[in-house]
Amino acid sequence: MKIWFDMDGTIANLYGVENWLDKLMNEDATPYAEAKPLIRMATLARMLNRLQREGYEIGIVTWLSKGATVQYQEAVAKAKREWLEIHLRSVRFDHIDILEYGVPKQIGRDGILFDDEERNRKAWGDGAYDVDNIIEILKAL
């Protein structure tokens, strides 16, 4: 079984960074690095490491910025990977899929998805959850 996490708005508070949208529109990747965690990362890391020991695969499936140049896509992908290394250092992800904006997240993936965006959850179908109660849902696995 696989467990997938979106980043922006799900585990990383991108939308809480001051002037995040203006910065993204100006191809400034700093909001991705500056985003604060939305949940307790130490608790999440412990849960994910336990689930991996039990046979679950853990993955990230996240989008790049909309309409980004190749250089900006590279900067955003780098910032997202660094954010994961800082905030979830002990987790060795089985998959980190950083997709162009709008690419359907469900294609080629199955299992459980945590995502703040309703259209992604609807497209995923069964096993898709919003950001409420992530830890409680993981505890139940």
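The values are calculated or read from the model by the stated rules, or taken from the named source; none is laboratory data. Just so you know, these numbers come straight off a predicted model, no measurement behind them. Backbone-built Cβ (ideal geometry, glycine too); neighbour counts: all protein chains shown.
Do the conditions hold for ALA68, that is, is it small (Gly, Ala, Ser) and either in contact with an Asp or Glu (Cβ under 8 Å, 6 or more places away or on another chain) or crowded, with 17+ Cβ neighbours inside 10 Å (or both)?
Numbers: small (Gly, Ala, Ser): yes; either in contact with an Asp or Glu (Cβ under 8 Å, 6 or more places away or on another chain) or crowded, with 17+ Cβ neighbours inside 10 Å (or both): yes.
Yes; evaluated as a whole, the condition is true for this residue.
For segment 52-65, which positions are more than 14 Å from the chain's Cα centre (by Cα) and surrounded by 17 or more Cβ atoms within 10 Å (Cβ to Cβ)?
Here is the first cut: in segment 52-65, the residues more than 14 Å from the chain's Cα centre (by Cα) are 52-57.
Matches in segment 52-65: TYR56 only.
Could you list all residues from segment 85-109 that are farther than 18 Å from ILE11 by Cβ and without any contact (Cβ under 8 Å) to a residue 24 or more places away in the chain?
Residues satisfying the conditions are PRO104, GLN106, ILE107, GLY108.
Could you list, ordered by first residue, the pairs with Cβ atoms under 9 Å in which the first is in segment 110-125 and hydroxyl-bearing (Ser, Thr, Tyr) and the second is modelled with pLDDT under 95 and surrounded by fewer than 19 Cβ atoms within 10 Å (Cβ to Cβ), at least 6 apart or interchain?
none
Kindly evaluate VAL61 against the criterion of being outside any loop (DSSP other than H, G, I, E, B) and either of a type in the set (Val, Ile, Thr) or without any contact (Cβ under 8 Å) to a residue 24 or more places away in the chain (or both). Full working, then the answer.
Values: outside any loop (DSSP other than H, G, I, E, B): yes; either of a type in the set (Val, Ile, Thr) or without any contact (Cβ under 8 Å) to a residue 24 or more places away in the chain (or both): yes.
Yes.
Any idea which of GLU54, GLU136, GLU100, GLU74 is in contact with a helix residue (DSSP H, G or I) (Cβ under 9 Å, 6 or more places away or on another chain) and of a type in the set (Asp, Glu)? Spell out the reasoning first.
Details: GLU54 fails: in contact with a helix residue (DSSP H, G or I) (Cβ under 9 Å, 6 or more places away or on another chain); GLU136 fails: in contact with a helix residue (DSSP H, G or I) (Cβ under 9 Å, 6 or more places away or on another chain); GLU74 fails: in contact with a helix residue (DSSP H, G or I) (Cβ under 9 Å, 6 or more places away or on another chain).
The match here is GLU100.
Could we say that LEU113 is among the aliphatic types (A, V, I, L, M), at pLDDT 95 or above, outside any helix (DSSP H, G or I) and in contact with a strand residue (DSSP E or B) (Cβ under 6 Å, 6 or more places away or on another chain) here?
Details: among the aliphatic types (A, V, I, L, M): yes; at pLDDT 95 or above: yes; outside any helix (DSSP H, G or I): yes; in contact with a strand residue (DSSP E or B) (Cβ under 6 Å, 6 or more places away or on another chain): yes.
The answer is yes for LEU113.
For segment 93-110, enumerate the residues that are surrounded by 12 or more Cβ atoms within 10 Å (Cβ to Cβ) and either at positive phi or not in a loop (DSSP other than H, G, I, E, B) (or both).
Scanning segment 93-110 gives HIS95, ILE96, ASP97, ILE98, LEU99.
Could you please let me know if ARG46 is under 15 Å from the mean Cα position of the chain (by Cα) and more than 23 Å from ALA77 (Cβ to Cβ)? Break it down stepwise before answering.
Details: under 15 Å from the mean Cα position of the chain (by Cα): no; more than 23 Å from ALA77 (Cβ to Cβ): yes.
No, not satisfied.
Tell me which residues, restricted to segment 23-76, are touching a Gly at 6+ places or on another chain (Cβ under 8 Å), of a type in the set (Lys, Arg) and closer than 29 Å to ILE135 by Cα.
Answer for segment 23-76, where residues must be touching a Gly at 6+ places or on another chain (Cβ under 8 Å), of a type in the set (Lys, Arg) and closer than 29 Å to ILE135 by Cα: just LYS36.
Report, by residue number, each residue of segment 1-38 that is touching a residue at least 40 places away in the same chain (Cβ under 8 Å) and either assigned to a helix (DSSP H, G or I) or loosely packed, with under 15 Cβ neighbours inside 10 Å (or both).
MET1, LEU24, THR30, TYR32, ALA33
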